[in-house]
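To keep things clear, I will list the structure first and then write my remarks on it.
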Amino acid sequence: KILSYAVHGLNIDIIHKLETFFNLANRENVQKYLPNLKDCFLEAIKSHHNDIAEYIQSTYLSNVQLKYAEASISSYNDLYLKKAIDASNNTLITDQKEAQNLFNYFCANGYMNIVDFLLHQSGLININGKDAIRMKHIFF
């Protein structure tokens, strides 16, 4: 929890001191604290501390698949939302069911540019799928 406070404090010196305290140079400790690091990464996104989010991701989470679109959407963090849906990045949209759920969310909330972008990604969205039909009955 203290790592999360350091993220909110936006002080990289404190973050470095905590890295030393928790001995995060040791890969076994990184694995031990991986859930905390993921939480800190998401907190940094929610708080728009994008430099710290980038630091945590590149330093500790580079080999971990992260799903952060929901955190980006709920906090209006456009930078990380763009990274999440960037087709060349493949950070988020590797799971078709998750992509379909996000597509439904974007449709329901009027994100027309993102809807158009997702529709043009080959094979990613099934507009005739069961979930798309369910959304059709709710919203149209």
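What the table below lists for this structure:
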item	result
Selected residue (criterion: modelled with the lowest pLDDT) from residues of the range 37-69 that are among the basic types (Lys, Arg) and farther than 17 Å from Leu18 by Cβ	Lys67
Scope the range 75-108; condition modelled with pLDDT of 70 or more and exposed (fewer than 11 other Cβ atoms within 10 Å of the Cβ); matching residues	Tyr76, Lys97
Residue tally, condition at pLDDT below 75 and either under 20 Å from Lys67 (Cβ atoms) or among the aliphatic types (A, V, I, L, M) (or both), over the range 109-125	3
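The values are calculated or read from the model by the stated rules, or taken from the named source; none is laboratory data. Quick caveat: nothing in here was measured; it's all calculated off a predicted structure. Using ideal geometry, Cβ is built from the backbone for each residue, glycine included, and neighbour counts are taken over all protein chains shown.
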